[in-house]
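Each remark here refers to the structure printed beneath this line.
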Amino acid sequence: MSVCCLNKIHFSDLSMTYLCYTKTSMNLQQPTPLIPPVHPDVQMKSLPFYDVLDVLIKPSSLGASTAQRYHQEKYFIFALTPQQVREVCISRDFLPGGRRDYMVQIQLRFCLSETSCPQEDNYPNSLCIKVNGKLFPLPGYAPPPKNGVEQKRPGRPLNITSLVRLSSAVPNQIAVTWAPEIGKTYSMSVYLVRQLTSPLLLQRLRMKGIRNPDHSRALIKEKLTADPDSEIATTSLRVSLMCPLGKMRLTVPCRAVTCSHLQCFDAALYLQMNEKKPTWICPVCDKKAAYESLIIDGLFLEILNDCSDVDEIKFQEDGTWCPMRPKKEAVKVTSQSVPKIEKHHLTLFVKMTVN
């Protein structure tokens, strides 16, 4: 025998008013699980391509259950203010690819209810979302089942603007259904965001300033300092002026402060690639290279301006550099170009030498 309980909670936070309904089926013989806080102190990881304008629903717990075989469902309601409606409506513009969309969007995010650090997007199992009664299709493809077990989709923010009622007079409802996991609790949140473009992020990166060339010179000296425990001494370091992403000459030499290598990649191309598919992985060392850790290298900018006809340079122990120009081809001498020495002349030369 099971019982259906309905809890109704009212929240009011300045311009935001929303309702939350919880519907859970549980076995009466099961012990009641600990109820997580409705608003856990969860922080979402910031997204470089979005500026948060307003929080429509702050991180709210989906709840947890020890009964893993049951699906759970939770309802959230939020209302937009007249100003928020106006911001969305006037923001419709052309996006890359020729499609039209709102640059100011209503964004839905899910994450684990962890408070130790900012959380990345993470979907609960068997996630199903309805906005105002209409099914919201999750982006991308779910990975195929492994050993008969359903695999989780990679988490990402969800743009639900197309299903939201753009009116301050009518509230919006989000219905979330998921399969609970023992030991894991998830949170959901809704934001009003402005979508940014890669040229704008490049402009912001330039505004951060250019890293002093002396930083790179110090790194070069550190790398080329003789290690007393090593039998091999490195006295020079060759670095390419070609971007490893596009195989073209660097225009905005960039790397993450978390990277230990000198090799740069092109900032404009790196941002364009992450605009299409955000991975934020360094193309040189395959480690995380988050947007906030990117710097424009002043030394490489000097080199690119001073040396326009080479694709590779060599750094010396003292931090100086020299261009690596391709060696000229050696002139091949053919046998036809060498004059033949006749036999009797050679014999005469030998005799004269002996005497």
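The values are calculated or read from the model by the stated rules, or taken from the named source; none is laboratory data. Since the structure is predicted, the reported quantities are computational estimates derived from the model, not experimental observations. Cβ atoms come from the backbone with ideal geometry, glycine included; neighbour counts cover every protein chain shown. Please note that ligands, DNA and RNA were not included when accessible areas were found on the heavy atoms of the full protein model with its side chains. Shrake-Rupley method; radii C 1.70, N 1.55, O 1.52, S 1.80 Å.
Checked against a 29 Å cut-off, the cross-linked pairs 247/288; 184/288; 146/287; 184/276 give Cα-Cα distances beyond that limit for 184/276.
Annotation for residue 212 and residue 114: the two label points, set 7 Å from Cα along the Cα-Cβ direction, are 3.7 nm apart. Give me Rg/Rg_expected for region 109-222, where Rg uses Cα atoms only and Rg_expected = 2.2 N^0.38 Å with N residues. So region 109-222 has a normalised radius of gyration of 1.55. Both numbers refer to the Cα atoms of region 162-281; Rg and Dmax are 23.2, 76 Å.
Each Lys or Arg adds one and each Asp or Glu subtracts one; over the other residues with Cβ under 12 Å from the Cβ of residue 292, this totals +4. Working ranking of peptides 214-224, 306-316 by packing, defined as the average number of other Cβ atoms within 10 Å per residue, highest first, is 214-224, 306-316. If R0 equals 35 Å, the separation of the Cβ atoms of residue 280 and residue 169 corresponds to a calculated FRET efficiency of about 0.30. Residue 242 contributes an accessible area of around 60 Å² to the protein surface, as traced by a 1.4 Å probe with all chains present. Once both labels are positioned 7 Å from their Cα atoms along Cα-to-Cβ, the gap between residue 38 and residue 251 label points is 5.2 nm.
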